[in-house]
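Encoded as structure tokens, the structure appears first; notes follow it.
The values are calculated or read from the model by the stated rules, or taken from the named source; none is laboratory data. All values derive from a computational prediction rather than experimental measurement. Every residue, glycine as well, gets a Cβ built from its backbone with ideal geometry; the counts of neighbours run over all protein chains shown. To get the accessible areas, we keep the full protein, side chains included, count just its heavy atoms, and leave off ligands, DNA and RNA. Shrake-Rupley method; radii C 1.70, N 1.55, O 1.52, S 1.80 Å.
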Amino acid sequence: MATAVTFTNKPEELFVDKHVKYIQSLDTRKDELEYWLTEHLRLNGVYWGLTALHLLGRPDALPRDETIKFVQSCQHENGGFGAHPSHDAHLLYTLSAIQILAMIDALDAVDTEACAAYVAGLQKPSGVFAGDEWGEEDTRFVYTALQTLKILNKLDRVDVEKAVDFVLRCQNYDGGFGVVPGAESHSGQIFTCVGVLSMTNNLDRMTPASRDQLAGWLAQRQLPNGGLNGRPEKLEDVCYSWWVLSSLAMLGKLHWIDQNKLVGWILSCQDEVRGGLADRKGDAVDVFHTVFGLAGLSLVGWGGLKEVDPIYCMPVETTKRLFGPK
Ligand SMILES: [Zn+2]
């Protein structure tokens, strides 16, 4: 439930300790209605909170043993992970589970063979992946599937070439990418498609002109107040600080937007009393916008935050340990 939020008019400070306390408090609110209404997001919520804590330099602020036990309890008998122990498995939660374990160096705590088999079983003849056994297909799931397998070092279980070809077919005449071939360009989808091309070393399958066109479309997402929107004519939103910025970073074009203005705008979305960040100034905070706001600040080099990897949305410390230096 939304509670009153206090924002300053001109914050120039990142309230690190308050954000850490806010994330720690999320698991102690089991008596609140909001906690139960968002139960379907729980495993994702742990990933968002843990990533934020790592970026804030407080990786131990959530108890490691309890985190591992919770992730283990979410693994379904089919090898995938659900949001919560009693929920069906889905690729989105499966990636969150594997990212959580990767960050705390505990991948051996679950059955990774079964997990890889679950993910591989969701690839379709076109190369795309379905999100779960019920079949919704989307470029987001290509990204989640390939990142999960890459972390597990089991990319050989799927047809990467076909997956990449599918993603390339989703690029539009404006340079952007959509959920399926021919669908409208959207920053969230662009992040997942550029992420797939980057993590499989296929970014050069886009011509330099088409990469520039895409970067131009992304740079146009910045509004006069400094914030970024997800597509033309939409309101700015802190989570697009991640989807747009990380895509620009992967394309080597972060300098195409006004980073100072963006930093000022993200900082204005903090709740300086209770901690956390909101989607935009004046709204109630949540852990989703908290992590993507912090990740955006990290990408533009805000002092004091750990470096985030634009491809995987995990600390560079973790991706270096997993994949070696770039
Ligand atoms: Zn948002």
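Between the stretch 195-223 and the stretch 132-170, the C-alpha centres lie 19 angstrom from each other. Protein heavy-atom accessible surface, 1.4 Å probe, per residue over the stretch 16-323: 40 Å².
Within the stretch 207-326, the proportion of C-alpha pairs whose separation exceeds 20 Å stands at 41%.
Computed from the alpha carbon positions, the gyration tensor of the chain leads to an equivalent ellipsoid with semi-axes of 28, 26, 17 Å, biggest first. Pairs with C-alpha atoms separated by more than 26 Å, drawn from the list Lys21/Lys281; Lys69/Lys124; Lys261/Lys306; Lys261/Lys326; Lys261/Lys320, are Lys69/Lys124; Lys261/Lys326; Lys261/Lys320. Taking chymotrypsin sites (Phe, Trp or Tyr not before Pro) across the stretch 99-179, the ones in a DSSP loop with at most 16 further Cβ atoms lying within 10 angstrom of their Cβ are Trp134, Tyr173. When the solvent-accessible area of the chain is split by element, carbon and sulfur atoms take up 50 percent of it, the probe being 1.4 Å. Cα convex hull, the stretch 107-185: 90 Å³ per residue, rounded to a whole number. Computed over the Cα atoms of the stretch 39-160, pair by distinct pair, the Kirkwood hydrodynamic radius stands at 14.3 angstrom.
Its DSSP H runs of at least 4 residues, each contributing -39,500 (n - 2.57), put the calculated 222 nm mean residue ellipticity of the chain at -14000 deg cm²/dmol, to the nearest 500.
Normalising by residue count, the stretch 74-138 has a Cα convex hull of 84 Å³ per residue.
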